[in-house]
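Take a look at the structure below.
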Amino acid sequence: MASVPTPAQPHPIAPYADDPAQLAASARRVFEIEAQALAAVAERIDGDFSAACKLILASSGRVVCTGMGKSGHIARKIAATLASTGTPAFYVHPGEAGHGDLGMITDVDVVLALSYSGESDEVLMLLPVLKRQGNKLITMTGRPNSSLAREADVHLDVSVPAEACPLALAPTSSTTASLALGDALAVALLDARGFTADDFARSHPAGALGRRLLLHIADIMHAGDDVPRISADASISEALIEMSRKRLGMTAVVDDDDRLLGLYTDGDLRRTLDDVGVDLRNTRIAEVMTRSPKTIDSDSLAVEAAQLMEAHKISGLLVVDEARRVVGALNIHDLLRARVV
């Protein structure tokens, strides 16, 4: 009869587990140790780092990042950072690569392999195929004399004085150092390529930055018959009807060629109602309109409209072309819907 396994015993709790000061001190030691590790790696940024950058810049392919365990997690993050900053990159799991995913790597790709020991079997197993295919190899290890380091075209030394783990077992300082060096590589390549904020936004269209840098007035404005407009001879009551129909809280006042003469808004209406001498049915809109309203052109960024509205404490804008013809309109609700503000 099979024996019933004994339940695992809980780990003993350290005597200072409930001491906030001791817990905080332990946390601060991690920051101190990892800061020392980063400083040590920073001092070693030299010709090898530059060579790695040049190798990637000279390639017409992508950067294929790989690594096992914690190194694999860091490699995945480095690939994501490279890809979002102008260097096409992706992550390949070395175990899966040995079972078919090597086909994802072309001969023009540069391989960036991470292994702190430099002896990860799953990564080393890939090297003969990569070498035969002609791939350039950049490695990050903590042992410059390791098998992986010796096989590299360029080796980046990420050795650290100590892990932050008091048992010196869990990768802590070493993974932080590798991640920071990966960020340094991405930023150096970004600078070398002349990568701009607009370029960054194009790879992040769904993010807040993408919306701020890519969304133009023409993308969100009301146009054609949806733009409220009346002539200068219209009465205030006719202006109110047009404002109610178009529901933008304002109406443009235009001439026969649609050129802007003025603007009448909900705020103007409140001020008009306070004036007992104004006849809503017979007073011409030209007598009460704002004659020099703030405007914007359709090629401007939507975020510029938000900044203009905020600066002048207004809730809507007319969109005009070079001839001051009214071609669109938008209000704060359009910016909110587009998640620009």
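Observations
- Only Lys, Arg (+1) and Asp, Glu (-1) charged, at Cβ; the chain dipole about Cα centre in debye: 440
- Within the assembled protein chains, the solvent-accessible surface assigned to residue 131 is about 90 Å², based on a 1.4 Å probe.
- The chain: angle of helix 47-58 to the longest principal axis, Cα-based, in degrees nearest 10: 60
- Counting charges near residue 181 (Lys, Arg +1; Asp, Glu -1) among other residues having Cβ under 10 Å from its Cβ returns a value of -1.
- Solvent-free Debye calculation, one equal scatterer per alpha-carbon of region 85-176: log10 I(q)/I(0) at 0.18, 0.19, 0.20 Å⁻¹ equals -0.84, -0.91, -0.99.
- FRET efficiency, residue 50 to residue 315 (Cβ-Cβ, R0 45 Å, nearest 0.05): 0.25
- Cα convex hull volume per residue for region 10-145 (Å³): 166
- Region 234-298: mean projected area of Cα convex hull, nm²: 4.7
- Counting only DSSP beta bridges with both residues in the chain, the antiparallel share comes to about 40 percent.
- Counting charges near residue 69 (Lys, Arg +1; Asp, Glu -1) among other residues having Cβ under 15 Å from its Cβ returns a value of -2.
- Accessible surface, 1.4 Å probe, highest first, among residues 266, 18, 255: 18, 266, 255
- Distance from the Cα centroid of region 108-155 to that of region 287-340 is 56 Å (rounded to whole angstrom).
- Think of each Lys and Arg Cβ as +1 and each Asp and Glu Cβ as -1; about the Cα centre, that makes the dipole of region 29-122 roughly 320 debye.
- Counting only lysines at least 8 places from residue 294 when in the same chain, those with an alpha carbon closer than 27 Å to its own are 246, 313.
- In Å², nearest 10: area of residue 195 left accessible to a 1.4 Å probe: 40
- For region 58-100, fraction of C-alpha pairs farther apart than 11 Å, in %: 61
- Viscosity 0.692 mPa s, temperature 37 °C, Stokes-Einstein D of region 261-341 from Kirkwood C-alpha radius, µm²/s: 234
- Using a cutoff of 8 angstrom between alpha carbon atoms and counting only pairs six or more residues apart, the relative contact order for the chain works out to 13 percent.
- In the elastic network of the chain, a GNM with C-alpha springs shorter than 10 Å, the most mobile of 69, 267, 249 is 267.
- Axis of helix 236-246 versus longest Cα principal axis of the chain: the two differ by about 30°, to the nearest ten degrees.
- Region 175-196 and region 58-104 have Cα centres lying 15 Å from one another.
The values are calculated or read from the model by the stated rules, or taken from the named source; none is laboratory data. All values reported here derive from a predicted model rather than from experimental measurement. Every residue, glycine as well, gets a Cβ built from its backbone with ideal geometry; the counts of neighbours run over all protein chains shown. Note: accessible area is taken over every heavy atom of the protein model, side chains too, but ligands, DNA and RNA are not part of it. Shrake-Rupley method; radii C 1.70, N 1.55, O 1.52, S 1.80 Å.
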